[in-house]
Amino acid sequence: MIKELANVIAIEAGQVTVTSQIKSTCSGCAQVDTCGSGQIAKALPQAKLTLTLPYDKNSGEMLKPGDCVVLALPEKHILSSAGQVYLLPLLGLITFSALGQWLLKQQILPHELYALGLGITGGYLGYRLAKFQQKQGKHSEKLQPKIIEVIPSINIVK
């Protein structure tokens, strides 16, 4: 499970809005002072990510603005999603390029540009297939972060 801390900023009918600090991976490296990417990460302000998640008030602990929550995503769903997004366009490109080269060798295609166009078309079709699969309801539900723990806000009264 991949976990992240977030703060509750609003609760509305059936939904909770949380915000989380986006962390740069450049801040933890030993070369951060001499690396160009590290210098850019230092110069730019840290951004925040805001998510609106479904929330059932009857399902457990009551949330209120200011509470800290732990969000979680199953790692296997993230890896399978990344595999689809990267591999399907690449497989389409390679497959259609190989087909284009074969058609060129058989002298069915008159010029190499047609084989090149066929390869680019295969890459685009792989991209569209990956995009279609990512938008499927069952798949996108698996990639929805879930609140697994609530850390209540502490109000200090003087």
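The values are calculated or read from the model by the stated rules, or taken from the named source; none is laboratory data. In this text, all values refer to a predicted model and were calculated from it rather than measured experimentally. Cβ: placed from backbone, ideal geometry, glycine included. Neighbour counts: every protein chain shown.
Could you identify the single residue in Ile120, Ile78 that is over 30 Å from Met1 (Cβ atoms) and β-branched (Val, Ile, Thr)?
Matching residue, one of Ile120, Ile78: Ile120.
Among the residues of segment 77-108, those that are without any contact (Cβ under 8 Å) to a residue 60 or more places away in the chain and under 13 Å from the mean Cα position of the chain (by Cα) comprise Leu79, Ser80, Ala82, Gly83, Gln84, Val85, Tyr86.
Can you give me the number of residues within segment 87-98 that are farther than 16 Å from Leu129 by Cβ and surrounded by fewer than 15 Cβ atoms within 10 Å (Cβ to Cβ)? Number of matching residues: 1.
When segment 111-158 is filtered for residues that are β-branched (Val, Ile, Thr) and modelled with pLDDT under 95, the ones remaining, listed by number, are Ile147, Ile148, Val150, Ile151, Ile154, Ile156, Val157.
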